[in-house]
Structures are given as structure tokens and as C-alpha cells.
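First the structure, in the form of C-alpha cells, and then the observations on it.
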Amino acid sequence: MKYLWRLLPFTFILLIVGCGQQNLSALDPQGPVADMQFSLIRLSLYIMIFVIVVVFALYLIVLFKFRERPGDTHIPKQVHGNKALEVIWTTIPIILLLILAIPNVMATFELAEIDDSEGAITIRAHAHLFWWEFEYPDHDIIAGQEMYIPTNTRINIELESSDVIHAFWVPALAGKQDNVPGITNTMWLEAPNEGVYLGKCAELCGPAHWQMDFKVIAVDPDTFETWAANMAEVPYEEGEITEYAVEGRAIFEANCLSCHAIGNEGGNFGPNLTNFGERTVYAGYMEATDENLENFIRDPQEWKPGNNMPAFSDMPQEDMDALIEYLKSLKVLD
Ligand code: HEC
Ligand SMILES: [Cu+2]
């Protein structure tokens, strides 16, 4: 028991390792933008380490060299205003700040640049209390919560907000940038590897801010084209989904379509649900189970305080079951 405290450092290591999970770490950069930002983080870290080492070395030298010794009778000679020293310790920080500033300013401009060269894709990332909408003007589609992108392709992102200030942040792919109402900020990113990259709203925007998660899903370019084509086409003709799901669709059309579009049909007040059956989390953060889905639809405020979805607490159970069957059948990739 007495030595248990020695385990403490290991708990911290576990905590730190936990931070790197699910592609959510800026310290495990994926792609050119994250690489560039990581190298800037390293540069400032090295400069800080240099400053700390020099300052502490001087401090220790002075501490030992000029300490009071037995038999010292009077205070040392008092000096101030050494011109040479003043110049040195003003110049060194200026040089260090320049070394820091020049690559930072260059990167800031480079990262905001919209490059329309061939093959680049534009995505408008609209932030809403408390969800994300991804509009693909080149493909004329809208996706909710999950931003599919092709690998090794430059993705130009236009950031917009419909209400308050949010921030778009996908730590493993690119640093955060604000979504400000009335202003369009720009950034870009590129993912060399297929995978799911976790994104977060990085600006405190209201009670459900912490649940405003999203995903960037990088797939190979062919899969992306299939995805984009199917997102526009609404591939749910009779026969493609179960009869039970068709019943659910009628309930959806009567209650939900005005706010939730399927393909390009329906309203966009809430997330587009065309590929809802492929979501791995619901409402940004809930584990994808039928029970969670029903709970959210019956009482959205309970699960995401302050969000703009109305409650359907009185929906008969058989309608709810059919509706859930329909929602889970909404798939565009298989
Ligand atoms: C008045 C508009 C409106 C209506 C009607 C509406 N919703 Fe919503 N819904 C929203 C909004 C807004 C959100 C986003 C909430 C959030 O996450 O902040 C949402 C979110 C959702 C989500 C989570 C989506 C995701 O991508 O994870 C589901 C599922 C959902 N609604 C289902 C339904 C169903 C089923 C109905 C019909 C019974 C319905 N909604 C009716 C506005 C609406
Ligand atoms: Cu937000």
C-alpha cells in the first residue's frame, strides 16, 4: 500500500495514451495539412525547450556562484544598466520570435488557400446547433454528420454557420477553424489513408456542444463516386427495402420528411438522413442501437439538451418500430 503511489505515473501514461484513440490526435498527423501543423508544433516546442534550458542554466549558475558564504560581511557590489547585456537579451528573443513567426505566417496563408486545380473537391461545412451539414456543390448533394471524402484528393472546405460560432476540428487531419455566422472561412485538407477520422465542434456553442461530434470518412475515389451518385438518387424503390420498412417510410414522410431530406427530397432543417443506416453513432454521439434511436426520437431534449428536433413521445409503438426499420434500411454503399 505504501508504495502504491509509485503507480501514479503509469496512470497518467494510460490517460495520455487514451487521448490518441480513434484518430483524434494532432500528434499522430495524417496528411499534408496535419503534417505541416505538427511540424510547427514541434518547432515551437524546440524553441521553448531551448529557452527553458538556457534560463534555468543561468539561474543555477548564479544561484551557486553568488551564494552567501560563511564570513561574508557586506552586500555585493550593486550594478544595473549593462548596455551590452540589455542588447543581447532583447535581440535573442526577437530572433527566436522571428524564427517562430515566419513559418507560422506562411503556413497560415497556405492553409487558407482555395486551390481549384483539377480533381479538387469543394465541401461546404455548415454548422448548426448541434449538428453538421456537408454540402457538395459539385455533386449537388447534402450529407448529415458524416463527411465522406476520397483519399489523396484536395478537399477545399468552406466553413459557415447558421446560428452561433462553432469550430470545425478534425485533429488528425487539420487544425481547428471557426464557423462564424455571416462569414465564410476557408481551409483545406487531404487524407492519404482510408479511415474514419473523428471530428469535434471546438467552440463552446451551447448545452449540447460536447455532443456535436462528426466524422470524416476517407474512402477510395471509386467508392466516393458511388457514394455521391447514390446520395443524390434515393435508391429506395419498392422491393429494395422490406415491406415493414415501406410502412415505416409512410410514417417518415408524414412526420419527418419536412425537416429531414432523403436524397434531394425533403427539408434541410435537420440532418439529411439518406445514408442513416450506415451511421455508427446516432445524433453525433449515441451508440447506434435501436433503443438509443427510439429514446432520441421520443425525447430529443433528454439526450441532447437545447437541440432543435421536436419530441415524438406519443408515437404508437408499432409505428415507431416500423420507422426504425426504415431508418436502418437507408444505406447507399451496399
Ligand atoms: C422540426 C424539424 C424536425 C422534425 C419534424 C424531425 N426532426 Fe429529427 N432532427 C431535427 C434536428 C434539427 C436534428 C438535429 C439535432 C441535433 O443533433 O442537434 C434532428 C436529428 C435527428 C436524428 C439524428 C440524426 C443523425 O444524423 O444522427 C434522427 C435520427 C432524427 N432526427 C429522426 C427524426 C424522425 C424519425 C423524425 C420524425 C418522426 C424527425 N426526426 C422529425 C429536426 C427535426
Ligand atoms: Cu458547436
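The values are calculated or read from the model by the stated rules, or taken from the named source; none is laboratory data. Being a predicted model, the structure only gives us computed values, none of them experimental. No Cβ is skipped: glycine too gets one built from the backbone with ideal geometry, and neighbour counts run over all protein chains shown. Accessible surface areas use protein heavy atoms only, side chains included; no ligands, DNA or RNA. Shrake-Rupley method; radii C 1.70, N 1.55, O 1.52, S 1.80 Å.
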Identity of the residue in the stretch 166-205, within 12 Å of ligand 2 (Cβ to nearest atom) and of a type in the set (A, V, I, L, M), that ends up surrounded by the fewest Cβ atoms within 10 Å (Cβ to Cβ): Leu204
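Would you point out which residue out of Ala218, Ala254, Ala229, Ala250 is open to solvent by less than 30 Å² (accessible area, probe 1.4 Å) and either of a type outside the set (Lys, Arg) or within 14 Å of ligand 1 (Cβ to nearest atom) (or both)?
Of Ala218, Ala254, Ala229, Ala250, the one residue that is open to solvent by less than 30 Å² (accessible area, probe 1.4 Å) and either of a type outside the set (Lys, Arg) or within 14 Å of ligand 1 (Cβ to nearest atom) (or both) is Ala218.
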Residue match in the stretch 28-48 (condition: open to solvent by 100 Å² or more (accessible area, probe 1.4 Å) and either at pLDDT below 85 or part of a helix (DSSP H, G or I) (or both)): yes
Inter-residue pairs, beta-carbon under 9 Å, first assigned by TED's automatic domain parsing to the domain that holds Val55 and touching a residue at least 60 places away in the same chain (Cβ under 8 Å) and in the stretch 93-104, second of a type in the set (S, T, N, Q) and in a helix (DSSP H, G or I), 6+ apart: Pro103/Ser39; Asn104/Ser44
Scope the stretch 269-304; condition within 18 Å of His128 (Cβ to Cβ) and open to solvent by 50 Å² or more (accessible area, probe 1.4 Å); matching residues: Phe269, Tyr285, Gln301, Trp303
Test: residue in the stretch 131-140 that is without any contact (Cβ under 8 Å) to a residue 40 or more places away in the chain, of a type outside the set (A, V, I, L, M), surrounded by 18 or more Cβ atoms within 10 Å (Cβ to Cβ) and within 14 Å of ligand 2 (Cβ to nearest atom): no
Close pairs from the stretch 157-170: first farther than 20 Å from Thr122 by Cα and of a type in the set (A, V, I, L, M, F, W, C), partner open to solvent by less than 40 Å² (accessible area, probe 1.4 Å) and more than 10 Å from ligand 2 (Cβ to nearest atom), Cβ under 8 Å, at least 6 apart: Ile165/Val180
